[in-house]
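The next block holds one structure in the form of structure tokens; read it before the comments.
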Amino acid sequence: MKKYFYYFSVFLISLNSCKNNDLQIKENYFQDNYKTKYDNLNIRIDTIVLDKVESSYLGDIAYWDNRVYFIDFRFGWVFGFDLEGNYLETKLGQGRGPNEIDIAGIDGFYFSENGNKYFFGSTNDIHIYDKNWEKIQKTSMNWGGSVQIGKGYTVKEVNPKDPSLYSLDYEHLKIKGDEGNLYLPIYSEHPEFNGLVSKNYYKEGRILAQLNLEDYSIERIFGRRTDLLMDYKYLMHHSAFSFDLNEHGKLIVANEIDPTIYIYDKDFNLLESFGVSGKEMDVNYQELKGLDIKRFQYLYFEDRPKRGFYTGVKSDITKNIIFRTYNKNNGSYDGLQIYENGQLLDDIQVPKGLKIEYTSFPYYYSGPIIDELNETITIYKLTFK
């Protein structure tokens, strides 16, 4: 959990928050209830509950080398499982030893194809390990610019191109990377340039930072939010986006309130766009008129879950497939759209919170559904013909 906004430090944004012998029941249930008018993909969804571990159950998962890792944000442990949910190993843990991680808390992470693993703390600190979990180094991000995050704001005129006006969007910190860079979602906390007081923020605010892995400096900030946000006064509670970076260096972007999926090159030049609205989405978004803490709290915690909005996007270039998930109001299901070459193949109901995050054809795996109370971590495996 993380402070969502500088003047909202009094409250925290809450994150969304069987076993194999129940698998067949779950499969049948989903298959019986997720048929659509398309019904041409023969979609199957398997439920996998990871073996129970001693954890805070505050964290997220990463897929790497055909394994799934649960990263405990509170205690710094990394638990490894096979893709059937069987426990394999525990790595790291808070501490200053050679096989530990000296971090107050993990806020984000990235596992690269070559095996290097990057863990991000809340003070611009980065902790890097190799494929054998040996520590490479601890370093810090260099934002540059005229305003140093955490040291006050000194500029008189806001320049949306200044990297140091921004900080990592910790609530949506899904990091992507290529051979020499990481791409991280950002937002601005400047008192005169943020989503609650500035219309220009929605037009000119950048959304991604490119981190150079040679010197760990922010090489550039780039990208924009959907123009649809300009139709509202302030819609900070629906201004998030999700993105993927495929093996061809293309960025796939899905904004919360926009039915269009956008494909960009890494200079954010638009290459193509497509998409149709999801089913049963209440898009009667309630806007803010200005800085109103109580109304923002109400809209984020109570109203937002009732609305329809897009929550995740993932591509599989081997099949020219793109998955996009969306919140289906405040019910028991969410929606999943499957596109091939820009054409909608199917739009189905899926378990609440399901987002496709890993592809290992013919299987596609979701992010975690974490139940802190019952101490369970569930993932879903999807396949279709």
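The values are calculated or read from the model by the stated rules, or taken from the named source; none is laboratory data. Quantities reported herein were computed from a predicted structural model and do not represent experimental measurements. All Cβ positions, glycine included, derive from the backbone under ideal geometry; neighbour counts span all protein chains shown.
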Quiz prompt | Long-range neighbours under 6 Å by Cβ, at least six apart or interchain, first residue farther than 16 Å from GLY93 by Cα within segment 122-139, second small (Gly, Ala, Ser) | solution = ASN124/SER140; ASP125/SER140; LYS131/GLY115
Exercise. Would you check which residues across segment 101-129 are buried (at least 16 other Cβ atoms within 10 Å of the Cβ), at negative phi, in a loop (DSSP other than H, G, I, E, B) and touching a strand residue (DSSP E or B) at 6+ places or on another chain (Cβ under 8 Å) and list them?
Key: ILE103, ILE106, ASP107, SER112, GLY121
Exercise. Could you tell me whether any residue of segment 130-145 is modelled with pLDDT under 95, surrounded by fewer than 19 Cβ atoms within 10 Å (Cβ to Cβ) and in a loop (DSSP other than H, G, I, E, B)?
Key: yes
Exercise. Pick out the one residue from LEU229, LEU211 that is part of a strand (DSSP E or B), crowded, with 21+ Cβ neighbours inside 10 Å and touching a strand residue (DSSP E or B) at 6+ places or on another chain (Cβ under 9 Å).
Key: LEU211
Practice problem: Mind listing just one residue for me: the one in segment 334-352 that is more than 16 Å from ILE261 (Cα to Cα) and surrounded by fewer than 20 Cβ atoms within 10 Å (Cβ to Cβ) and, of those, farthest from the chain's Cα centre (by Cα)? | Solution: PRO351
Self-check item: First in segment 326-349 and on the phi > 0 side of the Ramachandran plot, second anywhere and crowded, with 16+ Cβ neighbours inside 10 Å and outside any strand (DSSP E or B), Cβ under 6 Å, 6 or more apart
Solution: ASN329/GLY308
Self-check item: Hey, SER277 farther than 12 Å from ASN329 by Cα, part of a strand (DSSP E or B) and polar (S, T, N, Q) or not
Solution: no
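Would you mind stating whether ASP282 is closer than 27 Å to LYS352 by Cα and not hydrophobic (A, V, I, L, M, F, W, C)?
Details: closer than 27 Å to LYS352 by Cα: yes; not hydrophobic (A, V, I, L, M, F, W, C): yes.
Answer is yes for this residue.
Based on this model, can you work out whether TYR216 counts as of a type outside the set (A, V, I, L, M) and on the phi < 0 side of the Ramachandran plot? Write out each step before concluding.
Numbers: of a type outside the set (A, V, I, L, M): yes; on the phi < 0 side of the Ramachandran plot: no.
No, not satisfied.
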Quiz item: Would segment 246-266 turn up any residue that is exposed (fewer than 15 other Cβ atoms within 10 Å of the Cβ) and in contact with a Ser or Thr (Cβ under 7 Å, 6 or more places away or on another chain)?
Solution: no
Quiz item: Within segment 183-234, restricting attention to residues that are at pLDDT below 95 and hydrophobic (A, V, I, L, M, F, W, C), which residue is farthest from the chain's Cα centre (by Cα)?
Solution: VAL197
Self-check item: Filter result for the condition that a residue is crowded, with 16+ Cβ neighbours inside 10 Å, at pLDDT below 95 and not in a loop (DSSP other than H, G, I, E, B), over TYR300, TYR380
Solution: TYR300
Quiz prompt | Lone qualifier among ASP51, ASP46 - being more than 21 Å from the chain's Cα centre (by Cα), under 30 Å from LYS279 (Cα atoms), modelled with pLDDT of 95 or more and not hydroxyl-bearing (Ser, Thr, Tyr) | solution = ASP46
